[in-house]
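For reference, the structure is listed below as structure tokens.
Every number here is computed from the coordinates shown, using simple stated rules; none is lab data. Keep in mind the model is a prediction, meaning the values are calculated, not measured. Neighbour counts are summed over all protein chains in view; Cβ atoms, including those assigned to glycine, are modelled from backbone coordinates with ideal geometry.
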Amino acid sequence: MRTRHKARELAIQTLYALDFNHIMTKEHIPQHFSGITDAEYADLEEEVKLYAHYLVQGTIENLGQIDELISQFSLNRPLERIDIVDRNVLRISVYCLLYGDIHPHIIIDEAVKLSQDFSTEVNYKFINGMLDTMQKQLFPLKGKTEHDTTENL
């Protein structure tokens, strides 16, 4: 499985668990990821662990700004009414749009894939539309931009 995609999956699972338990604070970030055993954690590549921790910590540290942006662009659904999985897919994606070094189209594509893997069949359309609109309004692309290859996903 691709390294960054696996890291995003672990980050989504961890944020989901924190959000479900209403403990989205730095103090509650687990040392290991939610939903995996110690043996599974030990088998993970170091890059997967580092990138997943980066996503979880960065998302939680910037949660206020991220949630404000999601609320601003989610016109028909208040943040608390967005499915918990999709809410956290959006949070990681917005964090990456704000602070990451990955091309926005890759961020949106990964968000759609994660939503398809972990959420309902139709919610990926909501994620795609919202992130696409946000990217176009807040982070317009200037000319051709180099971006990650699919090997880094």
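Below 8 Å between Cα atoms, with a sequence gap of 6+, how large is the relative contact order for the chain in percent?
That works out to 26 percent.
When ranked by the protection proxy of mean other Cβ atoms within 10 Å per residue, highest first, what sequence do the peptides 91-101, 124-134 form?
Descending mean neighbour count gives 91-101, 124-134.
Quick check: pseudo-label points 7 Å beyond the Cα along Cα→Cβ at Lys125 and Asn62, how many nm apart are they?
3.0
Mind ordering 56-62, 83-89 by average Cβ neighbours within 10 Å, highest first?
Going by the mean number of other Cβ atoms within 10 Å, highest first, we get 83-89, 56-62.
Place +1 on the Cβ of every Lys and Arg and -1 on the Cβ of every Asp and Glu in the range 3-140, take the dipole about the Cα centre, and give the residue among Tyr16, Ala39, Tyr51 whose Cα lies farthest towards its positive end.
Tyr16
Provide the packing ranking of 70-76, 8-14, i.e. peptides ordered by the mean count of other C-beta atoms within 10 Å per residue, highest first.
8-14, 70-76
Using the basic label-point model (7 angstrom from Cα toward the beta carbon), what is the Thr37 to Asn21 distance in nanometres?
Those two pseudo-labels are separated by 2.0 nm.
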